[in-house]
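Undergrad: Starting off with a structure, shown below.
The values are calculated or read from the model by the stated rules, or taken from the named source; none is laboratory data. In this text the structure is predicted, and so the values were computed from the model without any measurement. Here the Cβ positions follow ideal geometry from the backbone for every residue, glycine too, while neighbour counts run over all protein chains shown. Note: areas computed on protein heavy atoms with side chains; ligands, DNA, RNA excluded. Shrake-Rupley method; radii C 1.70, N 1.55, O 1.52, S 1.80 Å.
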Amino acid sequence: MADARSKGVAVTAELRSYLVAHSVPGHPAVGQLIRATRDAMGDLSIMQVAEEQGPFLTWLARLVGARRAVEVGTFTGLSALCIADGLTDDGRLTCFDVNDEYVSVGRPYWEAAGVADRIDVVIGPAAETLAAFDPGGPIDLAFIDADKAGYRTYYDLLLPMLRPGGVIVFDNSLFFGEVVGGSTNPDVVAIRSVNAHVAADPRVDAVLLNVGDGLLMARRR
C-alpha cells in the first residue's frame with residue numbers, strides 16, 4: 001500500500017511502458033537503439049538515459065523552440081536522438097563526448113530517425129572542447145549527462161552561452177536516491193554540490209524533478 005503521506009509512485013517496468021505510451025511518440029529507431037545499447041554495452045547500458053526521459057527531452061526541446069542545443073555526455077546517443085527530434089527544422093545539436101566508439105553505436109539509428117544531419121559530435125575532454133566552443137549564437141537547451149565531477153564546470157561554461165529563457169538539464173540528479181543519505185561516494189558528493197549550487201544561483205530558476213534518476217533543470221532568467 002502506498003504511504004498515505006506521499007503521492008510518489010515507484011516506477012515499475014509496466015508503469016514505465018505506460019508513461020512512454022502516453023508521451024510524445026518517438027521514431028521506431030528509439031526502441032531499436034535502446035535494445036542495441038543493451039546488446040552492445042551489457043551492464044554499461046545503465047549509462048543510457050531512462051526510457052521515459054527520451055520523450056520528455058523531445059517535448060522540452062519543442063517547448064523552448066530549441067534551435068541550438070548542446071549535450072555533454074552522449075554515450076550511445078539515445079538522448080541525442082530524442083533532443084534532435086524536438087529541434088526546429090533548422091536546428092543543430094552539438095554533442096560532446098570522450099568516446100567515439102560508444103557514440104558510433106547510435107549513429108545508424110540517428111540516420112534511421114532522420115536526425116543525423118542535425119547532430120554534430122565533438123570528441124575530447126568536454127572541459128576543454130566546451131571552453132573552445134563557439135555555438136554561433138545563444139543556446140536554447142543544454143543536457144548534461146557526463147562525469148559527475150565535471151557537472152559544475154560544464155554548467156559554468158554553458159550558462160553564459162544560454163539565452164534568457166533557455167534551459168540546462170542535468171541527469172542523475174538524485175543518484176539512485178543516495179543524495180539524501182550519508183554516502184561519501186565522490187559522484188554523490190559532486191551531485192549534491194551542483195544541486196545546491198544551481199538551486200542557490202540567482203541567475204536561474206531551478207527545479208529538481210523525480211524523472212528517471214532525477215532531472216535538475218535550470219532556466220536562465
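Undergrad: Restricting the count to DSSP beta bridges whose residues both fall in the chain, what percent are antiparallel, rounded to a multiple of 5?
TA: Given both bridge residues lie in the chain, the antiparallel proportion sits at roughly 35 percent.
Undergrad: Here's another thing I want to ask about it. What are the ³J(HN,Hα) values, in whole Hz, obtained from phi via the Karplus relation 6.51 cos²θ - 1.76 cosθ + 1.60 with θ = phi - 60°, for each residue of segment 170-175 in sequence order, with x given for Gly and Pro?
TA: 10, 9, 6, 7, 10, 6
Undergrad: If I build a Gaussian network model for the chain, linking alpha-carbon pairs within less than 10 angstrom, which residue out of Glu178, Glu101, Glu51 has the largest mean-square fluctuation?
TA: Glu101
Undergrad: In segment 7-162, carbon and sulfur make up what percent of the accessible area (probe 1.4 Å)?
TA: Here it works out to 54 percent.
Undergrad: Compute the distance in nm between two label points, each set 7 Å from the Cα along the Cα-to-Cβ direction, one at Glu128 and one at Arg203.
TA: 2.4
Undergrad: Modelled label-to-label distance, Asp117 and Ile46, 7 Å Cα→beta-carbon offset: nm?
TA: The modelled label-to-label distance comes out at 4.0 nm.
Undergrad: Taking the Cα centre of segment 49-149 as origin and charging only Cβ (+1 Lys, Arg; -1 Asp, Glu), how large is the dipole, in debye to the nearest 20?
TA: Approximately 240 debye in magnitude.
Undergrad: Just the number: Rg to Rh for segment 84-145, Cα atoms, Kirkwood Rh, two decimals.
TA: In segment 84-145, Rg relative to Rh is 0.95.
Undergrad: Using a simple charge model, +1 on the beta-carbon of Lys and Arg, -1 on the beta-carbon of Asp and Glu, nothing else, what dipole does the chain show about its Cα centre, in debye to the nearest 20?
TA: Rounded to the nearest 20 debye, it is 760 debye.
Undergrad: Can you give the extra length, in nm with one decimal, that the chain gains between Asp39 and Val180 once fully stretched, where that is 0.36 nm per residue apart less the Cα-Cα distance?
TA: 47.5 nm
Undergrad: Binning at 10 angstrom from zero up to the longest distance, how are the C-alpha pair distances of the chain distributed in percent?
TA: P(r) for the chain, in whole percents per bin: 8, 34, 39, 17, 2, 0.
Undergrad: Whose amide H sits under 5 Å from the amide H of Cys95, counting only residues 5 or more places off or on another chain, with H placed in the peptide plane?
TA: Glu71, Asp120, Val121, Val122
Undergrad: Let me ask something else. For the chain, set up a Gaussian network in which alpha carbons nearer than 10 Å are linked by springs, and say which option among Leu208, Leu162, Leu44 fluctuates the most.
TA: Comparing Leu208, Leu162, Leu44 in a Gaussian network model of the chain, the most mobile one is Leu44.
Undergrad: Go ahead and run the numbers for FRET between Trp59 and Lys7, Cβ-Cβ distance against an R0 of 25 Å, rounding to 0.05.
TA: Rounded to the nearest 0.05, the efficiency is 0.70.
Undergrad: With a 10 Å cut-off between alpha carbons and a GNM built on the chain, which of Gly91, Gly106, Gly181 moves the most?
TA: Taking springs between Cα atoms under 10 Å, the residue moving most is Gly181.
Undergrad: Out of all DSSP beta bridges in segment 129-219, what portion is antiparallel? Express it as a percent rounded to 5.
TA: 65
Undergrad: Could you grab the relative contact order for segment 1-134? Cα pairs under 8 Å, six or more apart, rounded to a whole percent.
TA: 22
Undergrad: For segment 21-110, what class follows from the C-alpha gyration tensor (a ≥ b ≥ c being the square roots of its eigenvalues): rounded when a/c is under 1.5, otherwise prolate if a/b is larger than b/c, else oblate?
TA: It comes out oblate by the Cα gyration axes.
Undergrad: OK, next. What is the Rg over Rh value, at two decimals, for segment 112-156, using alpha-carbon atoms and the Kirkwood definition of Rh?
TA: 0.99
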